[in-house]
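This report concerns only the one structure given below.
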Amino acid sequence: MEQENTLYPYEPEFSFKKLLKKRLDDISYILQFKKALALVVIAGAIAGGFIAWYKRPTYTARLTFVVDDSKSSGGASGLSALAGQFGFNLDGLGGASGVLAGDNVEELVKSHKLMKATLLTPYDSTQTLADKYAAVYKLNKKWLEYSPDGKIIRFPANGHNTRLQDSLLHEMVTLILNGEFGITKTDKKLGFFEVNTTMKDEKLAQLFCIRMIKQSTDFFITTKTKRLRNNVERLQQRADSIGRRLNQKTYSASAANQDILDINPAYTNPNANIEVKERDKTVLSSIYSETVKNLEASKTMLAQETPTVQIVDEPELPLTKNKLKYLVTIPTGIFLSVLLFGFYVLIVRKNNAN
């Protein structure tokens, strides 16, 4: 039995008091190295201060907008709001429908296509947002190895991009989506959205935020009303065409009535010709009236179905400045340096003991 206890000893009972005493002994041992510890504290403070000085500040542009869709009103929205209080989402039942309904607006705003179009808008008279972004983040120098002529790659506005330019634009969009751009819905039961853009250049952040929403809302409204807008344009063209024909028939019938005054009443052909022209005029007039009626009805429906995207708050200069503070970085640098020094000292002591 004594041999078994030697081979398989019992685990000592855990004691919080003993654990605390060991940690205090470790701290006492580390404090013996006062000179080295002082140097470590100074080095950590210098490192924290240098990081705060060297780190370039960023600027955050915030924009709030609301989407008012006529289809989302009425009983369906009331039912959806009631269900939302219990954690259910009934946006797909009645109300706004389609790929651009509800929370899909958030995915639309983060579309790569729309972001590329935004980056190709002018920053000033000499460069686009993409050119400025590449310069601010020093990507233009990094991409020199891909340049066919050894010059900085530019991204002209409203131009046809090459395969290389498309690839680099895609890289910029990926960087922007990884922490520099975001959209959130402030309230699930309301149509308010908040967009945040954080970049190293103040004007770049402001312009990108505003123009990104402009691109998205234009695309949203155009897509939402495309079918009805096409119907209105078709009816408008038909009404204009029939109107021109009706004017021609009116002038023709009036001329025929004028000519019959000078013709012998014994001849019947002129009378028949006038009747035919009057009949054509009457038929065209009826068709024109129905077409105009349908056109006005379509215009009314288009106005009702067109969603309204209203900007509530726009980013105004100066933007919110995000900069590391010395009161945060210096204590953090000291804490991390002392922690690493303590681990090093304890590891060395353990190795020496073994």
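Where a number appears in this text, it was derived from the coordinates with a stated rule and is not lab data. Quick caveat, the model's predicted, so the values are computed rather than measured. For neighbour counting, all protein chains shown are included, and Cβ atoms are generated from backbone atoms with ideal geometry for every residue, glycine included.
Numbers for the structure displayed
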read-out: Estimated vicinal HN-Hα couplings, Hz - the stretch 55-67 in sequence order (Karplus 6.51, -1.76, 1.60; Gly, Pro = x); value: 5, 6, x, 10, 10, 10, 9, 10, 9, 10, 9, 10, 9
read-out: Under the Karplus curve 6.51 cos²θ - 1.76 cosθ + 1.60, θ = phi - 60°, whole-Hz ³J(HN,Hα) for the stretch 207-212, x wherever Gly or Pro sits; value: 5, 5, 5, 5, 6, 5
read-out: Environment charge at Thr162 (Cβ cut-off 13 Å; Lys +1, Arg +1, Asp -1, Glu -1); value: 0
read-out: Cross-link table Lys214/Lys299; Lys185/Lys226; Lys141/Lys325; Lys35/Lys55; Lys113/Lys299; Lys142/Lys200, entries beyond 19 Å C-alpha to C-alpha; value: Lys214/Lys299; Lys185/Lys226; Lys141/Lys325; Lys35/Lys55; Lys113/Lys299
read-out: Distant-in-sequence amide H partners of Thr320 (H built 1.01 Å from N, under 5 Å); value: Thr60
read-out: Residues with amide H under 5 Å from that of Asp201, placed H, sequence gap 5 or more; value: Tyr59
read-out: Derived scalar couplings ³J(HN,Hα) [the stretch 334-342; Karplus, 6.51 cos²θ - 1.76 cosθ + 1.60; whole Hz; x for Gly, Pro]; value: 5, 4, 5, 5, 5, 4, 5, 4, x
read-out: Cβ crowding within 10 Å averaged over residues, with 121-131, 275-285 ranked highest first; value: 121-131, 275-285
read-out: Label-zone membership for the stretch 129-151, site Ser167, 7 angstrom Cα→C-beta point, backbone N under 14 Å; value: 143-149
